[in-house]
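Written below as structure tokens is the structure these notes are about.
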Amino acid sequence: MKQIALDNQDRTIRRLRAQLATERRGLAATKKELEETQVALEASHKVIAGLTEIGLSMSKKVERMKVKKQQVRANHVECHQNFQARIHEAEDSMQAQHLIIEALVDEKDSLLQTIHGLQEANNAPAPFDGDWEEEPEEEPEEEEIEGIPLGEGEIDDE
């Protein structure tokens with residue numbers, strides 16, 4: 001009987017040793033998988049950190065581009081306003097020059113009439129009779145500026 005009990009214990013010990021070896025192999029495989037998963041997780045964290053840094057960098061670039069776009073718009077508006085102001089100044093100057101020219105033509109006509117009247121009063125011959133050719137009045141070149149509509153040219157923010 002003792003022999004049967006010893007044989008049973010021996011089989012039980014071998015079976016338990018085999019189970020222990022199997023469990024150790026399973027544990028080693030699980031440990032290896034855990035280490036591989038941990039390495040993959042660390043790599044994933046590095047990728048996420050890199051992508052986050054790229055995303056922040058892109059956000060900063062987008063913000064700088066928005067600011068630059070606003071500055072360009074402001075500069076465009078200012079240039080447009082300055083250009084419109086120059087056009088108005090040029091128009092005003094041309095109108096003033098036109099009025100001065102009209103006044104000078106009127107004064108010339110008045111002076112010619114005065115000279116003619118004095119010559120008749122003194123019975124003197126008219127020095128400009130027959131030789132005087134009056135130059136045709138030149139129209140100011142307003143047509144070129146009239147091609148630019150006033151008050152138009154608004155900025156379209158698309």
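Using θ = phi - 60° and the Karplus relation 6.51 cos²θ - 1.76 cosθ + 1.60, list the HN-Hα couplings for segment 9-23 in order, rounded to whole Hz, with x at every Gly or Pro.
Per residue, the Karplus-derived 3J(HN,Hα) values read 5, 5, 5, 4, 5, 5, 4, 5, 5, 5, 5, 4, 5, 4, 5 Hz.
Leaving out ligands and nucleic acids, note down the accessible area per residue over segment 1-54 with a 1.4 angstrom probe, in whole Å².
For segment 1-54, the per-residue accessible area is 97 Å².
Near Ala28, within a Cβ-to-Cβ distance under 14 Å, what is the net charge of the other residues, with Lys and Arg +1 and Asp and Glu -1?
Neighbourhood net charge equals 0.
For segment 18-100, what is the charge dipole size about the Cα centre, in debye to the nearest 20, if Lys and Arg each add +1 at the Cβ and Asp and Glu each add -1 at the Cβ?
Dipole size: approximately 360 debye.
Would you work out which of Ala49, Gln3, Gln84 lies farthest towards the positive end of the dipole of segment 1-122, given +1 charges on the beta-carbon of Lys and Arg and -1 on that of Asp and Glu, about the Cα centre?
Positive-most Cα among the choices belongs to Gln3.
Find the centroid of the Cα atoms in segment 85-110 and in segment 1-65, then give the distance between the two in whole Å.
Cα centroid to Cα centroid, the span is 95 Å.
The values are calculated or read from the model by the stated rules, or taken from the named source; none is laboratory data. This structure is a prediction, so every number in the text was calculated from the model and none was measured. With ideal geometry, Cβ positions are generated from the backbone for all residues, glycine too; neighbour counts draw on all protein chains shown. Please note that ligands, DNA and RNA were not included when accessible areas were found on the heavy atoms of the full protein model with its side chains. Shrake-Rupley method; radii C 1.70, N 1.55, O 1.52, S 1.80 Å.
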